[in-house]
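To keep things clear, I will list the structure first and then write my remarks on it.
The values are calculated or read from the model by the stated rules, or taken from the named source; none is laboratory data. Because the structure is predicted, anything quoted here is derived from the model rather than measured. As a convention, Cβ positions derive from the backbone with ideal geometry for all residues, glycine included, and neighbour counts pool all protein chains shown.
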Amino acid sequence: MSKPHFLVADPEYIIAMEAERILHELVDCEVTIINPHSASQCMSLGWTRYSLVMLDTGFCLGEIRVIAELLQRQGIPMVFTTANQPFARGVPGFPTTPVIVKPYGPAQFAAAVVPLLATASGVDRKPEDYGEIGRSVIAEKPGSGP
């Protein structure tokens, strides 16, 4: 089974590294980190190679909205991360996109990422494919697991 490949787009490199650490705890994966404010870098990426994109909203959407709309049009699953409390319940224009509020932890990541990863990868992942946190999220969902 191929490893999922995540893109973490966060202007704060230390926070992006924490996201990377949590994702590695969650599932055996590859992670690429970029600064989302490098719009030209973002737009030139081959988006379809990513199983999921984690995109920091900042305190106003601005150029991030353009990237998010592009991802949405291309059908690339995404999760927003934010420290902006008004976005905690959802980002305007993206009502179905999950939001992980900073500071975050492994359980928040797992709750947002595991369901998207299952549909995004097209691979039927089993509970043992995930780390302990991911397995606990799967176990909590009715009708899931082995």
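At least 1 residues being of a type in the set (D, E) and in contact with an Asp or Glu (Cβ under 6 Å, 6 or more places away or on another chain) is the threshold, and among the strands (runs of 3 or more DSSP E) wholly inside region 1-87 those reaching it are 52-56. Are any residues in region 71-90 farther than 14 Å from M54 by Cα, in contact with a strand residue (DSSP E or B) (Cβ under 8 Å, 6 or more places away or on another chain) and not hydrophobic (A, V, I, L, M, F, W, C), and if so, which ones? Hits for region 71-90 are Q85, R89, G90. Each residue in region 71-117 was checked for being of a type in the set (A, V, I, L, M, F, W, C) and more than 26 Å from G46 (Cβ to Cβ), and 7 pass.
Let's see how each residue does on (1) at pLDDT 80 or above; (2) touching a Lys or Arg at 6+ places or on another chain (Cβ under 6 Å); (3) part of a helix (DSSP H, G or I):
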position	(1), (2), (3)
T97	yes, no, no
Q108	yes, no, yes
A112	yes, no, yes
T119	no, no, yes
R125	no, no, no
E128	no, no, yes
R135	no, no, yes
A139	no, no, yes
